[in-house]
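This report refers to the structure that appears directly beneath it.
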Amino acid sequence: MIKPFGNNVSSVLAQPDFHNVASDAFDRGQTLPQMLIAACQRHAGRPAFTNLGHTLSFADVERMSDDLASYLRNGLRLEAGERVAIMLPNLLQYPVAVLGTLRADLVAVLVNPLYTARELRHQLVDSGAAALIVLDNFGSVAAEALQDTAVRHVITTRVGDMLPWPKSLLVDTVLKHVKKMIPPFRIPMALRWPRALAEGKRLPRVQAMAKASDTAQLQYTGGTTGISKGAVLAHTALIANVASAEQCFGHCLDPEKDVVMICLPMYHIAAYSNLTFDMAHGFHSVLVTNPRDIPALVATFDKVKPAFFSGVNTLYDALLNSPDFANLDFSGLKLCLQGGTALRRGTAERWKALTGKDVVEGYGLSETSAAITYNRWDAPNPVGSIGLALADVEISLRDESGNPVALGEPGELCARGPHMTTGYWQRPAETREAFFDGGWFRTGDIAKADGQGYYFLLDRRKDMILVSGFNVFPNEVEDVVSMHPGVLEAAVVGMPDEKCGEAVRLIVVRKDPDLSEDDLRAHCRKYLTGYKQPTRIEFRDNLPKTAVGKILRRELR
């Protein structure tokens, strides 16, 4: 049985009819699709996903994914274990594509739909994907990327394909001819999504034969510190993550009443874990296709009145900076989660003051099947903590030689348990480097711990700046700078320095156009010791980010 959340504190027990779903699936050795199909059948009459004003029930998702699975295996003749790349934004097609792929004993490869042709080709070649499911909006990119890949089959879909007539026609016509968001493309092997489902409906049903230990997914790393690699995630790892989440948050939420907003793109592990958690427990999930459209996001928030909301720090900031957001009713909001980047203290304080709810920070990676720590939602947490270890996760802070560090000392955060990747796809050397003896996965992040079991993330090991022999953690400097009321966003990277070896370089996006370099220097002198203060300060109109809002320090360097 998956152990309750937080080995160092009293457990938070979920409601009896809620918390056992994934834990029991884990104990029975089920695969991820087996768990999700059972949930779809159990909650068949409930609304499952809403997007663009249309809702699919759990019965719809189960039926359509079954048809897709039959087409992939019996129509395209894909063999068990082959990879299917899914290049879609948050649309109703997404859960159908994922569950259809998994229940056909195929491996899902989740692709950032905003990739360039070069980035897409790398992921297709690296994964050896045999099939690609792609939105028409990105068809021209896919057409350019397919050369010299192993892709034999392509399924293309339009935004309106899952919407009722005539809305589907209206949406697709506006996107193509008015907004010009669908560049022309030609993929000779491509088949349309509706036809794939229709043909699959007439084919024999798929009998899944996968084992729980088999690979379910290749989750590609964000590439913020180097080349993107495919983390191999087994069915057990993904189910264990859902089981940990239900032990942590089960008592807080009611699947029969609460609505969830999924704003982060579902190719990202944080949002993907949202998807599997919601499906496993029968939640109604509202999919936000473009969270960067803040006015539309605020309007959706107002209409949906979610009980469960998650995002990254930049998304929380964007909402807080919208005047209309302050006028909403937050009385139904129960749980707000944040991960992917460090939560800024100022952001957390503003959100609590406006909504009355804490932003609960967690920590995880693609390689750990999403979160492995979370703060308590039901109790005070130490300032700056990323939380306690989740159920069945062991954490150890270690030095460069793999030895545990003393309590309170910084060390590389290492973890082991059923949530962990088994390694990087077809990269044995990098897989060996990613683990210390004993199966401890090396996250590459520097953290420290207190005596109560709480962890505090200091920074990426590769982002750490060495100034005259002293370690400077960019997150700390960014946190201080972001406290200044004239700062909208800030990023810190190291730069070569003849005197100190490295020096601190600060890049700022102004909120106040009159903010000066002298103002920032005075602010930094107030809160930072000498060697942590920026040597160079630059102002920019924006910062480079990933699709989920993570600032790309690599590009700034």
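The values are calculated or read from the model by the stated rules, or taken from the named source; none is laboratory data. All values reported here derive from a predicted model rather than from experimental measurement. Every residue, glycine among them, receives a Cβ derived from its backbone with ideal geometry; neighbour counts consider all protein chains shown.
Total residues in region 312-330 satisfying the condition of being in a helix (DSSP H, G or I) and either under 30 Å from Ala449 (Cβ atoms) or within 15 Å of the chain's Cα centre (by Cα) (or both): the figure is 5. Taking the residues in region 309-349 that are of a type in the set (Phe, Trp, Tyr) and in contact with a strand residue (DSSP E or B) (Cβ under 9 Å, 6 or more places away or on another chain) as candidates, determine which candidate is modelled with the highest pLDDT. Filtering region 309-349 for residues that are of a type in the set (Phe, Trp, Tyr) and in contact with a strand residue (DSSP E or B) (Cβ under 9 Å, 6 or more places away or on another chain), the one modelled with the highest pLDDT comes out as Phe309. When Ser285 is tested against (1) under 21 Å from the mean Cα position of the chain (by Cα); (2) at pLDDT below 95; (3) among the polar types (S, T, N, Q), just one condition goes unmet, and that condition is (2). Arg461 fulfils the conditions (1) farther than 22 Å from Asn313 by Cα; (2) at pLDDT below 90 except for a single criterion, (1).
Scan region 187-216 for residues that are polar (S, T, N, Q) and either over 21 Å from Pro95 (Cβ atoms) or in contact with a helix residue (DSSP H, G or I) (Cβ under 7 Å, 6 or more places away or on another chain) (or both) and the total you get is 2.
Just to be sure I understand the filter: pairs with C-beta atoms under 8 Å, separated by 6 or more residues or on different chains, first member in region 33-49 and surrounded by fewer than 24 Cβ atoms within 10 Å (Cβ to Cβ), second member in a strand (DSSP E or B). Which pairs pass? Short answer, once both residue conditions are applied: Ala44/Ser57; Gly45/Ser57; Arg46/Ser57; Arg46/His284; Pro47/Thr55; Pro47/Leu56; Pro47/Ser57; Pro47/His284. When region 222-251 is filtered for residues that are more than 21 Å from Leu78 (Cβ to Cβ) and in contact with an Asp or Glu (Cβ under 7 Å, 6 or more places away or on another chain), the ones remaining, listed by number, are Lys229, Ala231, Ala240, Ser244.
Are any of the residues in region 32-43 basic (Lys, Arg), at pLDDT 95 or above and within 26 Å of Leu264 (Cα to Cα)? Among the residues of region 32-43, not one is basic (Lys, Arg), at pLDDT 95 or above and within 26 Å of Leu264 (Cα to Cα), which makes the answer no. The requirement of being free of Cβ contacts under 8 Å to residues at least 60 places away in the same chain and either acidic (Asp, Glu) or touching a Ser or Thr at 6+ places or on another chain (Cβ under 7 Å) (or both) is fulfilled somewhere in region 279-295, by at least one residue.
Looking for whichever is touching a strand residue (DSSP E or B) at 6+ places or on another chain (Cβ under 9 Å), touching a residue at least 40 places away in the same chain (Cβ under 8 Å) and under 22 Å from Arg554 (Cα atoms) here; the options are Asp459, Asp463, Asp450. Which one fits? Break it down stepwise before answering.
Details: Asp459 fails: touching a residue at least 40 places away in the same chain (Cβ under 8 Å); Asp450 fails: under 22 Å from Arg554 (Cα atoms).
One residue alone meets the criteria, Asp463.
Going by what's in this entry, would Val477 be described as aliphatic (A, V, I, L, M) and in contact with a helix residue (DSSP H, G or I) (Cβ under 9 Å, 6 or more places away or on another chain)?
On the way: aliphatic (A, V, I, L, M): yes; in contact with a helix residue (DSSP H, G or I) (Cβ under 9 Å, 6 or more places away or on another chain): yes.
Yes: the conditions hold for Val477.
Listed by first and then second residue, the pairs linking a residue in region 351-374 that is under 21 Å from Gln247 (Cα atoms) to a residue that is surrounded by fewer than 21 Cβ atoms within 10 Å (Cβ to Cβ) and β-branched (Val, Ile, Thr), with Cβ atoms under 7 Å apart and 6 or more places separating them unless they lie on different chains, are Ser366/Thr221. Being surrounded by fewer than 20 Cβ atoms within 10 Å (Cβ to Cβ), hydrophobic (A, V, I, L, M, F, W, C) and part of a helix (DSSP H, G or I) is the requirement here; does Leu333 meet it? Against the criterion (surrounded by fewer than 20 Cβ atoms within 10 Å (Cβ to Cβ), hydrophobic (A, V, I, L, M, F, W, C) and part of a helix (DSSP H, G or I)), Leu333 does not qualify. Within region 480-491, residues that are in the same structural domain as Leu506 (by TED's automatic domain parsing) sit with their Cβ atoms under 6 Å from residues that are acidic (Asp, Glu), at 6+ positions apart or across chains, in these pairs: Gly486/Asp512; Ala490/Glu478.
Give the residue that is nearest to Ile227 (Cα to Cα), with candidates limited to residues of region 126-175 that are charged (D, E, K, R) and surrounded by 20 or more Cβ atoms within 10 Å (Cβ to Cβ). So the residue we want is Asp126.
When the strands (runs of 3 or more DSSP E) confined to region 438-493 are screened for residues that are among the aromatic types (Phe, Trp, Tyr), those reaching at least 2 such residues are found at 440-449, 455-460. Among residues of region 178-233 being among the hydrophobic types (A, V, I, L, M, F, W, C) and within 19 Å of the chain's Cα centre (by Cα), the one that is surrounded by the fewest Cβ atoms within 10 Å (Cβ to Cβ) is Ile227.
Taken over region 498-534, the residue count meeting the criterion of being under 13 Å from Pro474 (Cα atoms) and either loosely packed, with under 13 Cβ neighbours inside 10 Å or not hydrophobic (A, V, I, L, M, F, W, C) (or both) is 6. Of the residues making up region 350-368, one or more are surrounded by fewer than 20 Cβ atoms within 10 Å (Cβ to Cβ), at pLDDT 95 or above, charged (D, E, K, R) and farther than 23 Å from Glu478 by Cα. Looking only at residues in region 422-441 that are in contact (Cβ under 8 Å) with a residue 40 or more places away in the chain and among the charged types (D, E, K, R), the one that is nearest to Val232 (Cα to Cα) is Arg427.
Tell me which residues, restricted to region 276-290, are in contact with a Pro (Cβ under 8 Å, 6 or more places away or on another chain), surrounded by 24 or more Cβ atoms within 10 Å (Cβ to Cβ) and under 22 Å from Lys357 (Cβ atoms).
If we filter region 276-290 for residues that are in contact with a Pro (Cβ under 8 Å, 6 or more places away or on another chain), which is where we start, we get 279, 281-284, 286, 289-290.
Next cut, surrounded by 24 or more Cβ atoms within 10 Å (Cβ to Cβ) only: 279, 281, 283.
Once the filter is applied, which keeps residues that are in contact with a Pro (Cβ under 8 Å, 6 or more places away or on another chain), surrounded by 24 or more Cβ atoms within 10 Å (Cβ to Cβ) and under 22 Å from Lys357 (Cβ atoms), region 276-290 yields His281, Phe283.
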